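Computed from the coordinates by the stated procedures, all read-outs in this text should not be read as laboratory data. Please read these numbers as outputs of a predicted model, since none were measured by experiment. FYI the Cβ positions are ideal-geometry reconstructions off the backbone, even for glycines, and counts take in every protein chain you see.
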Amino acid sequence: MKAVTWQGTHKMSVSTVPDPQIVNPRDAIVKITSTAICGSDLHFYDGRMPGFEKGDIVGHEFMGEIVEVGPSVKNLTPGDRVVVPFPIACGACEPCLRGETAACDNSNPNAYMVEAAYGYSPAALYGYSHLFGGYSGGQAEYARVPFADFGPLKIESGLDDEKVLFLSDILPTGYQAAENCGIEPGDVVAVWGCGPVGQFAIKSAYLLGASQVIAFDDFDYRRELARTFGGALAVDPREVDVVQFLREQTGGRGPDACIDAVGMEAHAMSAMSMLDEVKQAAKVEQDRPHVLREMIQAAGKGATISLAGVYTGFVDAIPFGAAFGKGLTFKMGQTHVHRYLRPLLERIERGDLDPSAIITHRCKLDDAPQAYATFQKHADGCEKVVMTP
Amino acid sequence: MTVSKRAVAAGAGAVGVALLLARRGARDVTSDRARTSRTVTIRRDAAELQRTFTDPARLPEFFRGVTSVEPIDATHQRWTFATGKNKRMPVDMEIVDDTPGKRFAWRTAKHAPFAGGGSLTVTAAPGDRGTQVRLALHVDGTGAKAAAAFHRLFGASPAQISMESLRSFKALTEAGEIPTAARS
């Protein structure tokens, strides 16, 4: 089959590899009909994600048709259309039973690698480093899906792929970021980053009752989408003093919640941010936490800081005194996608939102190397790429 | 010059981490034996877990390096270990404790190629969280020498073997299978 493989920093290729097979009893094989490039795929594309090996099959946002199931899978049959959540979760361990599937105890065969750095391993992920299991991803013609009797969501309503594909990651990720804010009526929510997750965080914050969402992004096309799709007040952070601007917009109170939809690769024109770049290059700091610092500074008293953007390692100079002094609450983590699948599918079916509105680029798997480059360079107004085999 | 200072700082950081890890590992080696224990919590009943662990047909599925377990009599079993490519080493074990729902312990019988043993202890976790399962392993001998001999035989330390065996045991008993990223 054809699959998109990582060959090194800024080197993706489309390779011919053997088709996957059923290995464990709870497996299924999915024939992929649609797959997307995620912002977090840029972390390995840019060489910032450890644990990749040449030839690894990437991609964790995918859906398709079941073609084969293992003997323990009773809820799916060949021909079913499914969306596959990006964390691989067993459904039987303590975190899974609490609904925290991104913290599954039993899916990462390489848990010891992550334990050395994190203490405990989170769930395995598709196509996202050997640290997180080394499972082959979904930017391919077929994928092996472990624990298929627990993870995949059957799509029975005939909705197009493009309307439901993002249930695999970015829609639940944006939604969880907003849900983690514990939004109360009248709350003002500030969102850093208007990439796909930022867009869904904005939309979700309104769905959950925010009175206003203020969003920041350097790129015109992203701010425009944040206005038209999300209804946010979208601002170029290079043109304002973000902390002062938010203070003015909120009657001096500061936002009730701040969402980081940027993560470890933030850029900003400040001495501290430039120092982050240097330290990251020297590998003495893994992540560039500009957004996190700014959120802590901007947040109102007792506000919630919600992190959806990915962080992988150590960050420096976090203004913890400010966080402590204002009594902030921090919520973060990979998305427990499984628990949002059905409620968000119902919202899509009801017409509360149309996730396909953020797609700007469509192409074939064969065009993946070019699509990665376009997405990474923010060229051609590229907000979201969807690929078909 | 600045770059080299940074490199030195990075190197010093890495060495610090290595020292911490080495120090943590050192606690597994005492003066008379290499010994270790690891614990996980499994959402299954204690007695059921002990039954699975003590089933000779199941143990090789999760216990690192063990390829088969054959009962000899009521208190003895022959465990066969893989000690390298196509190399097998049978070791007779004596069951020294088998208290259902509490503890199972074994040690090498007389004339075994090495001296050591282990135990599985199961206790109820608080608040309906399942069962805390502790696997302890030890190799008798003189400190680091015994640990080195163990590593030569099994290609891993007692700590690695106990943690990875427990991890597989947990996945098998909770999720019904041991995870793998294999594609065929």
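Of note:
- For the peptide A:102-110, the mean number of other protein chain Cβ atoms found within 10 angstrom of a residue's Cβ is 5.
- Counting neighbouring beta carbons within 10 Å and listing from fewest to most, the residues A:His10, A:His336, A:His361 come out as A:His10, A:His361, A:His336.
- Out-of-range pairs (alpha-carbon distance over 22 Å; input A:Lys2/A:Lys163; A:Lys11/A:Lys384; A:Lys11/A:Lys364; A:Lys301/A:Lys331): A:Lys2/A:Lys163
- Separation of the A:Ser72 and B:Thr123 label points, Cα + 7 Å toward Cβ, nm: 3.0
- DSSP beta bridges in the protein assembly as shown [antiparallel fraction, %, rounded to 5]: 75
- With R₀ set to 45 Å, the beta-carbon distance separating A:Arg238 from A:Tyr112 gives a calculated FRET efficiency near 0.55.
- Here r is the Cβ-Cβ distance between B:Thr99 and A:Arg342 and R0 is 45 Å; the resulting FRET efficiency, rounded to 0.05, is 0.50.
- This ranking places A:Lys163, A:Lys74, A:Lys279 by how few other beta-carbon atoms lie within 10 Å of each, fewest first, which gives A:Lys74, A:Lys163, A:Lys279.
- Other protein chain Cβ atoms within 10 Å, averaged over every residue that makes up A:363-376: 0
- Label-zone membership for the stretch A:351-369, site A:Thr228, 7 angstrom Cα→C-beta point, backbone N under 17 Å: A:354-362
- Note on A:Arg253 and B:Lys87: their simple-model spin labels are 7.1 nm apart, each label 7 Å out from Cα toward Cβ.
- The simple spin-label model puts a point 7 Å past each Cα toward its Cβ; for B:Glu70 and A:Leu97 those points are separated by 3.9 nm.
- Full extension of the chain between A:Ile359 and A:Ala317 gives 11.5 nm of extra length, using 0.36 nm per residue less the Cα-Cα distance.
- Per residue of B:165-177, other chain Cβ atoms within 10 Å of the residue Cβ number 5 on average.
- Each Lys or Arg adds one and each Asp or Glu subtracts one; over the other residues with Cβ under 11 Å from the Cβ of A:Glu277, this totals -1.
- Among A:Val58, A:Val30, A:Val315, residue whose mean-square fluctuation peaks in a GNM of chain A (springs only between Cα atoms under 10 Å): A:Val315
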